[in-house]
1. Please name all residue pairs, on different chains or six or more residues apart, with Cβ atoms under 9 Å, provided the first residue is in the range 149-172 and is of a type in the set (Lys, Arg) and the second residue is surrounded by fewer than 19 Cβ atoms within 10 Å (Cβ to Cβ) and part of a loop (DSSP other than H, G, I, E, B).
2. Is it true that some residue in the range 218-233 is of a type outside the set (Asp, Glu) and free of Cβ contacts under 8 Å to residues at least 40 places away in the same chain?
3. With the structure loaded, tell me whether MET135 is without any contact (Cβ under 8 Å) to a residue 40 or more places away in the chain and outside the structural domain of TRP326 (by TED's automatic domain parsing) or whether it fails that test.
4. Tally up the residues in the range 392-413 that are in a loop (DSSP other than H, G, I, E, B) and closer than 16 Å to ALA362 by Cα, please.
5. Evaluate the range 347-370: report whether one residue or more is hydroxyl-bearing (Ser, Thr, Tyr) and surrounded by fewer than 20 Cβ atoms within 10 Å (Cβ to Cβ).
6. Give the number of residues within the range 435-446 that are of a type outside the set (A, V, I, L, M, F, W, C), surrounded by fewer than 21 Cβ atoms within 10 Å (Cβ to Cβ) and in contact (Cβ under 8 Å) with a residue 12 or more places away in the chain.
7. Cβ-Cβ under 7 Å, sequence separation 6+ or interchain: first residue in the range 337-355 and under 16 Å from ILE325 (Cβ atoms), partner surrounded by fewer than 16 Cβ atoms within 10 Å (Cβ to Cβ) and at pLDDT below 95. Which pairs?
8. Identify the single condition in (1) touching a residue at least 40 places away in the same chain (Cβ under 8 Å); (2) in a loop (DSSP other than H, G, I, E, B); (3) β-branched (Val, Ile, Thr) that THR419 does not satisfy, given that it satisfies every other one.
Amino acid sequence: MSGIEINKKESLLAAANNMRWEIGENFHDTLMESIYADAAVIAKKSVLKKGKKEYTGWEQKLDKIVTSRIFGLPLMFVMLAVVFWLTIEGANVPSAMLASLLLDDVHPLLKEFSAYIGLAWWLDGVLIDGAYLAMAWVVSVMLPPMAIFFPMFTLLEDFGYLPRVAFNMDNLFKRAGAHGKQALTMSMGFGCNAAGVIATRIIDSPRERLIAIITNNFALCNGRWPTQILIASIFIGAAVPAHIAGVVSAGAVVGIAVFGIFLSLVVSWGLSKTVLKGEASTFSLELPPYRPPRILQTLYTSLIDRTIFVLWRALVFAVPAGIVIWLVGNVSFEGLSIAEIFVNWSDPFAIFIGLNGVIMLAYIIAIPANEIVIPTILMLTVMTAGIEGAGAGAGVMFELESASATQDILTAGGWTLLTGINLMIFSLLHNPCSTTLFTIYKETKSMKWTIVSALLPIVMGFVLCFFIAQVYRIIIG
């Protein structure tokens, strides 16, 4: 190769190297300029300079309110109160329509058809007055509130508000040895405790998830709201002047719900310091941007994945419970039904703690669904107290249209203000329903923790009812 060719090749290589250096240097400069430009935008949004107006978009302005130390928690309670009020008020009409259809129309038709085909009386009672009525009560009481609550809850989740709730509650739950996201699972429990247990999947720590599962029963589910509202109206409202009865009754129900939140924190703290000892984990919560809710996806998620799923599980357990309820009212030994035998046996202890044997039996045989507690209590009260002209027979659950008529039956059964107060407490603190217990077992894969979840609240309920009964008797004299 000649010297001219070598020099030409070296010149070409030098030129190529110079070009690569310039390109690399330009790319580096461009990259650094881009980084500094992004940093300047972030600083402009986040840092307030002296003499400059603060940058605030509508999202930042809203976050300053909903995550404020002053306004955050009150706004959260107001928001949840609005959701609960809309759920209760909105469910009244469809619940009444379903009850009228299933109980007033379909049930008599089934009885007529049973008589027409000559079905044996006991089979008629087991299938129609037992299994069918339990199913009808659960559908009419449980379906409308869930069909309203879950979509609203999902809309708040889609909008981006629920992560702000977790942010607000994180410090409080962390002090209790729990996880900030437990606030979300607890809120879901107000719709249905089984759904709240499933929602604990968002908690990564197994220990903190177990705490959230065990304490979710302290959130009043929609099946217990009717009991709270009815008893508060009958007994708490009747104990004060008529012009403030409604406000006092509503305050009593809200007080029970808030008391449940308090107990959830207390028990979470106790568990985290004893059998589930450990440090509360920290988590990085990135607040998502606010976005318009996706209506169709919300309806599908809330109605199919939550409402129908939970309702189906409840029905699976409610139908056998209806059969048991009819049997304890109609199977007799030495002239007394199983229900009367149990009520007479348990009355001394139950009355001692401010309840009665009817309540004890109702919560045992109605464990599959809280929705059938009041109809069961009324049926058992009429049967064991020998009240004439009320109800549709032994083992047949029923409800009355007016609170005053219900009060007359309960008063005739020996109920007092103490009984009403302690029933509200026991409605909060008793074993979870069968659907929730089954869900707890499915989520924990542990019979031990399922039993703990069942026994812990009921023991607390007995202890608290005993304490209230003693204080009440000292005050009344």
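1. Listed pairs, sorted by first residue: ARG164/THR67; ARG164/LEU287.
2. No, the range 218-233 contains no residue that is of a type outside the set (Asp, Glu) and free of Cβ contacts under 8 Å to residues at least 40 places away in the same chain.
3. In short, no.
4. Residues that pass the stated criteria total 7.
5. First, pick out the residues of the range 347-370 that are hydroxyl-bearing (Ser, Thr, Tyr): 363.
Remaining after also requiring surrounded by fewer than 20 Cβ atoms within 10 Å (Cβ to Cβ): none.
No, that holds for no residue.
6. Here the count works out to 2.
7. Here the result reads SER337/VAL331; ILE338/VAL331; ILE341/PHE333, each pair linking the range 337-355 to a residue that is surrounded by fewer than 16 Cβ atoms within 10 Å (Cβ to Cβ) and at pLDDT below 95.
8. (2)
The values are calculated or read from the model by the stated rules, or taken from the named source; none is laboratory data. Because the structure is a prediction, the values reported are computed rather than measured. Because the Cβ atoms are built from the backbone with ideal geometry, glycine has one as well, and the counts that use them run over all protein chains shown.
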